[in-house]
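Undergrad: Structure in structure tokens, see below.
Read the figures in this text as sums done on the coordinates, not as results from a lab. What you see is a predicted model, and the numbers here were worked out from it, not measured in a lab. Glycine also receives a Cβ, built like all others from the backbone with ideal geometry; neighbour counts cover every protein chain displayed.
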Amino acid sequence: MLQLKLIGILVLLCGLCSQAAISETSVADKSCDESCSFVLLSEADGKFHFSNRQRAEQRFTPYSTFKVVNTLIALEEGLITGPSHTLKLNQNRYPVEKWWPQSWYQTPLSIREAFHASALPLYRQLALDVGKDSMSARLQGLHYGNGDISSGLDSFWLNGSLQISAVEQLCFLRRLARHELPLKDETFTIFNRVMEVDLEKESKSFANAIRTFGPDVKLFAKTGGGPIRKGRYIGWYVGYLQSAKSNYYFALNMEANSFKALQGARKTMLISQLRGIGLL
């Protein structure tokens, strides 16, 4: 019964052609325990692979994975014109805090740099520039999580009112990659250049693992993370792999007792899960 319910939810969210397309699921590597969830969809065969399916359907705060949507909306609103469009921090709005990396505020950043550096104050500023009415309407149109921005226009994705599950993250990314979101063609084109990960800047072991998918592989991904309660943190890694063979959409979230414990662990866990499925 639970599996049939899950299949119905996935058909609804992902718009797959038939129940048969997702009738086969498998559990990925066991290193993902009860405080972790992982889901992957292979476009080529329509199969979902899960670690902790029940948790994968549970909604959590998205933290910086929301930068995907924030960037898309800013592009649609004309606040960003290209991947090299620069953002400069208004320190009257957001005075510098001690824990911020200097890269967030010392010099203007391109939107691509801000995206991959997870420049929080720049994106909080961007959300304010979008405005409450436009942000709410765009989120409802994109069907992103619960679409709730009530906890504050520049903070609703930071352990606030906006909540989304790993399954919803994956299905949103699938619609993004397939250009099925209600966005302009130009927005998709520009955003691809913003989101694509430069594998040359990743660790050698991570980059080599991703390149197993082929010399033409491209990775589009975003990290996210922060506190969810005292002494407990959540970390996200969501995205998709694009290769000649197939697209592979994935969403991972995991918890730890400190943010530091999550930073490198998210990508390590992704590789572990890909190996568990047999893709590496």
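Undergrad: Within a Cβ distance under 9 Å of Leu41, other residues only, what is the Lys/Arg minus Asp/Glu net charge? Write out the running numbers ahead of the final one.
TA: Details: positive: Lys47, Arg174; negative: Glu43.
Around Leu41, the charge tally is +1.
Undergrad: With a/c under 1.5 counting as rounded, go ahead and sort segment 121-188 into rounded, prolate or oblate using the C-alpha gyration tensor (a ≥ b ≥ c being the square roots of the eigenvalues; past the cut-off, prolate if a/b is larger than b/c, else oblate). Write down the numbers at each step before the final one.
TA: On the way: a/c = 1.96, a/b = 1.33, b/c = 1.48.
Note, shape of segment 121-188 comes out oblate.
Undergrad: From a point 7 Å beyond the Cα of Gln58 in the direction of its Cβ, which residues of segment 242-273 have a backbone N at a distance under 13 Å?
TA: The answer is 253-256, whose backbone nitrogens lie closer than 13 Å to the label point.
Undergrad: Continuing with the same structure: Show which aspartates and glutamates lie in cross-link reach of Lys245 when reach means a straight Cα distance below 17 angstrom and same-chain residues fewer than eight apart are skipped.
TA: Once the sequence-local aspartates and glutamates are set aside, what remains near Lys245 is Glu43, Asp45, Asp216.
Undergrad: Taking only Cα atoms and a 10 Å spring cutoff, compute GNM fluctuations for the chain and point out the largest among Asn208, Asn247, Asn146.
TA: Ranking Asn208, Asn247, Asn146 by mean-square fluctuation puts Asn208 first.
Undergrad: Still on this structure, I have one more. Trypsin sites (Lys or Arg not before Pro) within segment 202-245: which are DSSP loop residues with at most 15 other Cβ atoms inside 10 Å?
TA: On the way: sites: Lys204, Arg211, Lys218, Lys222, Arg229, Lys230, Arg232, Lys245; in loops: Lys230, Lys245.
Answer in residue order: Lys230, Lys245.
Undergrad: On to the next question. Show the residues, 5+ positions off or on another chain, whose built amide H is closer than 5 Å to the amide H of Leu280.
TA: Here the answer is Arg275, since their amide H atoms fall under 5 Å of that of Leu280.
Undergrad: Around Cys171, under 11 Å between beta carbons, what's the net of Lys plus Arg minus Asp minus Glu among the other residues?
TA: Its environment carries a net charge of +1.
Undergrad: Once you sort the root eigenvalues of the Cα gyration tensor of segment 95-211 as a ≥ b ≥ c, which label holds: rounded (a/c under 1.5), prolate (a/b larger than b/c) or oblate (the other case)? If you can, show how the numbers build up before the last one.
TA: Values: a/c = 1.65, a/b = 1.09, b/c = 1.51.
Oblate, because a/c is 1.5 or more while a/b does not exceed b/c.
Undergrad: Additional query: Can you tell me how much longer the chain between Ser258 and Ser161 gets when fully stretched, taken as 0.36 nm per residue apart minus their C-alpha distance, in nm with one decimal?
TA: 32.7 nm
Undergrad: Then there's this: Looking at segment 65-169, which trypsin sites (Lys or Arg not before Pro) are DSSP coil and have at most 13 other C-beta atoms within 10 Å of their C-beta? Don't skip to the end; give the middle numbers.
TA: Working: sites: Lys67, Lys88, Arg93, Lys98, Arg112, Arg124, Lys132, Arg138; in loops: Lys88, Arg93, Lys98.
For trypsin sites (Lys or Arg not before Pro) across segment 65-169 that sit outside H, G, I, E and B with at most 13 neighbouring Cβ atoms in 10 Å, the list reads Lys88, Arg93, Lys98.
Undergrad: While we're looking at this one, here's another question. If you place +1 on the Cβ of every Lys and Arg and -1 on the Cβ of every Asp and Glu, how big does the dipole about the Cα centre of segment 203-248 come out, in debye to the nearest 20?
TA: Working: 8 positive and 1 negative charges, 55 e Å.
Computed charge dipole of segment 203-248: roughly 260 debye.
Undergrad: For the chain, with only Lys/Arg (+1) and Asp/Glu (-1) charged at the beta-carbon, what is the dipole magnitude about the Cα centre, in debye rounded to 20?
TA: 600
Undergrad: Using alpha carbons only, how many degrees (0 to 90, rounded to 10) separate the axis of helix 120-130 from the longest principal axis of the chain?
TA: Once rounded, one gets 80 degrees.
Undergrad: What's the angle, to the nearest 10 degrees (0 to 90), between helix 2-14's Cα axis and the longest principal axis of the chain?
TA: 50
Undergrad: So how tilted is helix 132-142 from the main axis of the chain? Cα-based, degrees 0 to 90, rounded to 10.
TA: 20
Undergrad: So, one more: Positive end of the charge dipole of segment 2-277 (Lys, Arg +1 and Asp, Glu -1 on Cβ, about the Cα centre): tell me which of Cys171, Ala114, Gly226 has its Cα farthest that way.
TA: Gly226
Undergrad: Could you compute the net charge surrounding Ala119? Neighbours are other residues with a C-beta less than 15 Å from the C-beta of Ala119; K and R count +1, D and E count -1. List each step's numbers first, then the result.
TA: Numbers: positive: Lys67, Lys88, Arg93, Arg112, Arg124, Lys222; negative: Glu97, Glu113, Asp129, Asp154.
Net charge around Ala119: +2.
Undergrad: Put a dot 7 Å past each Cα toward the Cβ at Arg193 and Asn90; how far apart are the dots in nm?
TA: 2.7
Undergrad: Let me know the shape class of segment 137-280, please: from the alpha-carbon gyration tensor, a ≥ b ≥ c as square roots of the eigenvalues, rounded when a/c is under 1.5, otherwise prolate if a/b is greater than b/c, or oblate. Write down the numbers at each step before the final one.
TA: On the way: a/c = 2.05, a/b = 1.15, b/c = 1.78.
Oblate is the answer for segment 137-280, as a/c is 1.5 or above yet b/c matches or exceeds a/b.
Undergrad: Only one of the values (i) 50, 47, 39; (ii) 53, 41, 37; (iii) 96, 38, 36 was calculated from this structure for Cα extents along the principal axes in Å; name its label.
TA: (ii)
Undergrad: Moving on. Check which residues have an amide H placed less than 5 Å from Ser110's amide H, if you skip close sequence neighbours.
TA: Here the answer is Leu87, since their amide H atoms fall under 5 Å of that of Ser110.
Undergrad: Quick check: Cα centre of segment 51-123 to Cα centre of segment 202-280, how many Å?
TA: The two parts, judged by their Cα centres, are 19 Å apart.
Undergrad: Now for a different question. Out of residues 5 or more away from Phe60 or on other chains, whose amide H comes under 5 Å of its own, with H placed 1.01 Å from N in the peptide plane?
TA: When sequence neighbours closer than 5 places are left aside, the close amide H contacts are Ile164, Ser165.
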